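See below for the structure under consideration.
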Amino acid sequence: MKTTVLLVNLGTPQKPEVKYVRKFLREFLNDKHVINIPVVFRWLLTNIIIAPFRAPKTTLLYKKIWTTEGSPLLVHSQRLHTKLQNILCNEYTVHLGMRYQEPNLKNIMNRIQNETCKRLIIIPLFPQYSSATTGSVIDRVLKIISQWTTVPEIRIVKQFYDNPLFIKAFAERINSYHPENYDHILFSFHGLPLSQVNNSHNGKPCSEFNCSESVTEKNKYCYQATSFATARELAKQFRLSEDKYTICFQSRFSKNWLTPFTDEVIREKAKAGIKKILVVSPSFVADCIETIEEIQSRYRALFISCGGHELQLVESLNDSDTWTQCLKEIVIM
């Protein structure tokens, strides 16, 4: 009987075609952890309004980033899975699942059940905890396990935003782009609705907990607090003064999301005379549509249209050696 490790990422459409993208959006947006409104309204919003109208446009974006091997998110996750299995050797069995679509999490969990593992380590691949990502994965996995006759010892890794090897892995990526040659660095995290962030401290706003300055026992699962903490740790690695970097949030759906918004910061920096920007996205451990298309393509075009000269995305961790070593240490700790 071995220890089983389950890596879980968000997911991706199976193909860059409208029907597959629509299927992915419906599964993703019907999750109560993602859109936290009454189920009837969520179903109507997702299935009648968002998925039908957004799927064609989103499909075009996926076509831009799709490779001969498939979706970048899935390809990088599979390579990481293989690499981690190799360095953990025969004492562990490593599986990869996606919260939405394939590899189907339920099927992967059935495989794990048949292996009769003695211990299960679940690692959602999201550095900073949020209900919409890590919380959703935990909820889904535990519901599946609740149907098992025999339940193994379980350890869930809720976040690793300040893990020294995680920080080192991103610092290595940043260093490879020679940050000293850029006028400004953006640490761009995926956005979240303010209501979800506030729910992490009983519905109260981050301002009451000083979330932009420190992580404490009261805000340790606040997405804003841990995002800022990750950025501060990376800034320390390069001795960046506060005027040399900005923490911002991308992929917003409304004004009631975490600010400042990345696109607005980009406009402001261009208008202020900044010519070269380096963008780091430490909430993504694998390159995907949000990094490749949104930042490297769309935000670069925005920056140049506003007078900037160069906007460069720092590639994500993907299957880097240090990142793989980080996961190994998380597993064996």
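The values are calculated or read from the model by the stated rules, or taken from the named source; none is laboratory data. Since this is a predicted model, take the numbers as computed values, not measurements. Methodologically, a virtual Cβ is constructed for each residue, glycine included, from the backbone with ideal geometry; neighbour enumeration extends over all protein chains shown.
Which condition does GLN224 not pass, out of (1) within 24 Å of LYS276 (Cα to Cα); (2) part of a helix (DSSP H, G or I), if it passes all the others?
Every listed condition holds for GLN224 apart from (1).
Of all residues in region 232-269, which are aromatic (Phe, Trp, Tyr) and more than 18 Å from ILE167 (Cβ to Cβ)? Full working, then the answer.
Going residue by residue through region 232-269, those that are aromatic (Phe, Trp, Tyr) are 238, 245, 249, 253, 257, 261.
Hits for region 232-269 are PHE249, PHE253, TRP257, PHE261.
Within region 63-82, count every residue that is under 25 Å from HIS95 (Cβ atoms) and either in a helix (DSSP H, G or I) or of a type in the set (Phe, Trp, Tyr) (or both).
Looking only at that region, the number is 12.
Looking at PHE166, PHE238 in this structure, which one is within 26 Å of ALA272 (Cβ to Cβ) and of a type in the set (Phe, Trp, Tyr)? Spell out how you get there, then give the answer.
Values: PHE166 fails: within 26 Å of ALA272 (Cβ to Cβ).
Going through PHE166, PHE238 in turn, just one is within 26 Å of ALA272 (Cβ to Cβ) and of a type in the set (Phe, Trp, Tyr): PHE238.
Scan region 46-66 for residues that are of a type in the set (Ser, Thr, Tyr) and either within 29 Å of TYR129 (Cβ to Cβ) or touching a strand residue (DSSP E or B) at 6+ places or on another chain (Cβ under 6 Å) (or both) and jot them down.
So in region 46-66, the residues of a type in the set (Ser, Thr, Tyr) come out as 46, 58-59, 62.
Those that are of a type in the set (Ser, Thr, Tyr) and either within 29 Å of TYR129 (Cβ to Cβ) or touching a strand residue (DSSP E or B) at 6+ places or on another chain (Cβ under 6 Å) (or both): THR46, THR58, TYR62.
State all residues of region 19-45 that are charged (D, E, K, R) and over 16 Å from THR133 (Cβ atoms); if no residue qualifies, say none.
Step one: filter region 19-45 for residues charged (D, E, K, R), giving 19, 22-23, 26-27, 31-32, 42.
Correct list: LYS19, ARG22, LYS23, ARG26, ARG42.
From the list ILE123, ILE37, which one is out of contact with any Ser or Thr (no Cβ under 9 Å at 6 or more places or on another chain), assigned to a loop (DSSP other than H, G, I, E, B) and assigned by TED's automatic domain parsing to the domain that holds VAL8?
ILE37
For region 195-234: of the residues being among the hydroxyl-bearing types (Ser, Thr, Tyr) and in contact with a helix residue (DSSP H, G or I) (Cβ under 6 Å, 6 or more places away or on another chain), which is surrounded by the most Cβ atoms within 10 Å (Cβ to Cβ)?
At the first step, the residues of region 195-234 found to be among the hydroxyl-bearing types (Ser, Thr, Tyr) are 195, 200, 207, 212, 214, 216, 221, 223, 226-227, 230.
Cutting the leftovers down to in contact with a helix residue (DSSP H, G or I) (Cβ under 6 Å, 6 or more places away or on another chain) gives us 212, 223.
Details: SER212: 14, TYR223: 30.
Looking at residues that are among the hydroxyl-bearing types (Ser, Thr, Tyr) and in contact with a helix residue (DSSP H, G or I) (Cβ under 6 Å, 6 or more places away or on another chain), I get TYR223.
Within region 247-294, can you find the residues that are hydrophobic (A, V, I, L, M, F, W, C), closer than 18 Å to HIS309 by Cα and touching a residue at least 60 places away in the same chain (Cβ under 8 Å)?
Narrowing region 247-294 to residues hydrophobic (A, V, I, L, M, F, W, C): 247-249, 253, 257-258, 261, 265-266, 270, 272, 274, 277-280, 284-286, 288-289, 292.
So of that shortlist, the ones also closer than 18 Å to HIS309 by Cα come out as 265-266, 270, 272, 274, 277-280.
Correct list: VAL265, ILE266, ILE274, ILE277, LEU278, VAL279, VAL280.
I want to confirm something. Restricting to region 227-239 and keeping residues that are part of a helix (DSSP H, G or I) and basic (Lys, Arg), which single residue is farthest from the chain's Cα centre (by Cα)?
Initially, region 227-239 is screened for residues part of a helix (DSSP H, G or I), giving 227-237.
With the extra rule that they be basic (Lys, Arg), the set shrinks to 232, 236.
Values: ARG232: 18, LYS236: 22 Å.
Filtering first and then ranking leaves LYS236.
Search region 205-246 for residues being in contact (Cβ under 8 Å) with a residue 60 or more places away in the chain and aromatic (Phe, Trp, Tyr), and hand back the single one that is farthest from PRO193 (Cα to Cα).
The qualifying residue farthest from PRO193 (Cα to Cα) is PHE238.
Show the residue pairs meeting these rules: Cβ distance below 7 Å; 6+ apart or different chains; first residue within region 179-194 and farther than 21 Å from TYR223 by Cβ; second residue in a loop (DSSP other than H, G, I, E, B) and at pLDDT 95 or above.
The qualifying pairs are PRO179/PHE238; ASP183/ILE274; ASP183/LYS275; HIS184/ILE274.
Applying the selection to region 1-34, what residues are touching a residue at least 12 places away in the same chain (Cβ under 8 Å) and part of a loop (DSSP other than H, G, I, E, B)?
Listed by number, the residues that qualify are MET1, LYS2, THR12, PRO13, GLN14, PRO16, GLU17, ASN30, ASP31, HIS33, VAL34.
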